[in-house]
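These notes concern the structure reproduced below.
The values are calculated or read from the model by the stated rules, or taken from the named source; none is laboratory data. Quick caveat: nothing in here was measured; it's all calculated off a predicted structure. Cβ sites come from the backbone with ideal geometry, for glycine too, and all protein chains shown count toward neighbours. Areas reflect the complete protein model, heavy atoms only, side chains present, ligands, DNA and RNA absent. Shrake-Rupley method; radii C 1.70, N 1.55, O 1.52, S 1.80 Å.
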Amino acid sequence: MQPGRGPDGKAPVLAGSHRAVLAAAAANNRGGGRPRKADDPTAARAREIKGKGISAGDIGKMLGVSRATVHRYLAGEGMDASA
């Protein structure tokens, strides 16, 4: 028997209900996964600090996010359009 499979070797019924839960979440404009740590004010602060010539790695350390997250927010990904 394979891990995560029922005694008959088929995927568990939960897989279908999991898809249904994700579809319902998408219908309500909610995604799955972990929420982003940095929010729009944090992204604005990152842009402000970057304007002073500080590196993305140092900005990340100051704000408590990763260097990659700083780069994402400097590029404008994942932020509210009204920001």
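Just order 61-67, 42-48, 25-31 by mean Cβ neighbour count inside 10 Å, highest at the front, would you?
For the peptides 61-67, 42-48, 25-31, the packing ranking is 42-48, 61-67, 25-31.
Computed from label points 7 Å out along Cα-Cβ, the spacing between Ala44 and Arg67 is 2.8 nm.
Couplings 3J(HN,Hα) for segment 61-75, derived from phi with the Karplus relation 6.51 cos²θ - 1.76 cosθ + 1.60 (θ = phi - 60°), are 5, 5, 9, x, 10, 6, 4, 4, 5, 4, 4, 4, 6, 5, 7 Hz, where x marks Gly and Pro. A simple spin-label model places pseudo-atoms 7 Å from Cα toward Cβ; at Ile54 and Ala27 they are separated by 4.6 nm.
When Ile49, Ile54 are compared by accessible area of protein heavy atoms, the largest-first order is Ile54, Ile49, using a 1.4 Å probe.
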